[in-house]
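The values are calculated or read from the model by the stated rules, or taken from the named source; none is laboratory data. Everything quoted here is computed from the prediction, not taken from an experiment. FYI the Cβ positions are ideal-geometry reconstructions off the backbone, even for glycines, and counts take in every protein chain you see. Surface areas here come from the heavy atoms of the whole protein model, side chains and all, with no ligands, DNA or RNA. Shrake-Rupley method; radii C 1.70, N 1.55, O 1.52, S 1.80 Å.
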Amino acid sequence: MPPKPRILIAEDESGIADTLQYVLRSDGFEPVWCATAEDTIKSFSREPPALAILDVGLPDLNGFELFKRLQGITRASGGVEVPMIFLTARSDEIDRVVGLELGADDYIAKPFSPRELVARVRTVLRRSGRAQAPVAAPVAVAAPPPMPQPFMLDAERMQIRYYGRVLDLSRYEYGLLKLMVQRPGRVFTRDELLQLVWDDASESFDRTVDAHIKTLRAKLKAIAPEVEPIRTLRGTGYALNEELPAAL
């Protein structure tokens, strides 16, 4: 039987940490709890986990800064990048934006459903290919050549290419597609898309997102009529298809 995937938890509230450990252990993971950023760094350095869950509001170091330091440890050692999920307060929308911009794989808002968190953990691990295997010591191997991708993001020019062609996108269409391209397979609810893309989400509605997704799909279909790049999850939201052909 392969070793259980280790999940490193950086959370200073013992009640939340206990809940996380219980549900993760019940679902076949090996949770490791650290109450401070300092202890998290030490544990991460000793043995990188399969995934890390980081609370944004740690007592000794901002969760975003901790994220950068853990990434630095991985890069310095030449190891495999560890996927990370942020825990944020529901009211702190800016935390979600910053976390995604930094490169976090997902975020969970407090209060959260323990089962939803486990599902998110499994999804991230599946995407990273680390769901069933232990984290091995890094091995020096030649990096494979980059695979062609249907989407190419140019953030400086605020442009996105789709199968080599520049898309003519409105501001919000660009924001929606950029968010999904950066997290293929990640399901975004309509509320999340409103909060992350629109300037004033309180004055917008779910149908605003739907309308922009509709026009965005039409522009993508004009380039590749047989391809469905944006998936709809009824009653939930939207996600970028992870299995798009690399070329037409």
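For the stretch 73-83, what does the Karplus curve 6.51 cos²θ - 1.76 cosθ + 1.60, with θ = phi - 60°, yield as ³J(HN,Hα) per residue in whole Hz, taken in order and with x for Gly and Pro?
4, 5, 5, 5, 8, x, x, 6, 4, 8, x
Separation between the residue 207 and residue 221 pseudo-spin-labels, each 7 Å from Cα along Cα→Cβ, expressed in nm?
2.0 nm
Long-range amide H contacts for residue 107: which residues qualify at under 5 Å (H placed 1.01 Å from N, peptide plane, sequence gap of 5 or more or a different chain)?
Distant-sequence amide H within range of residue 107: 86.
Please sort by residue number the chymotrypsin sites (Phe, Trp or Tyr not before Pro) in the stretch 149-248 whose DSSP state is loop and whose Cβ has at most 12 other Cβ atoms within 10 Å.
For chymotrypsin sites (Phe, Trp or Tyr not before Pro) across the stretch 149-248 that sit outside H, G, I, E and B with at most 12 neighbouring Cβ atoms in 10 Å, the list reads 205.
Residue 242 versus residue 68, label points 7 Å from Cα toward the beta carbon: distance in nm?
Each label point is offset 7 Å from its Cα along the Cβ direction, giving 2.9 nm.
Just the number, please: carbon plus sulfur as a percent of the accessible area of the stretch 37-80, 1.4 Å probe, no ligands or DNA/RNA counted.
Carbon-and-sulfur percentage of accessible area, whole number: 49.
So, by mean Cβ neighbours within 10 angstrom, what's the order for 211-219, 6-14 with the highest one leading?
Per-residue Cβ counts within 10 Å, averaged per peptide and sorted highest first, yield 6-14, 211-219.
Taking the full set of protein chains and a 1.4 angstrom probe, give the accessible area of residue 60 in square angstrom, rounded to the nearest 10.
80 Å²
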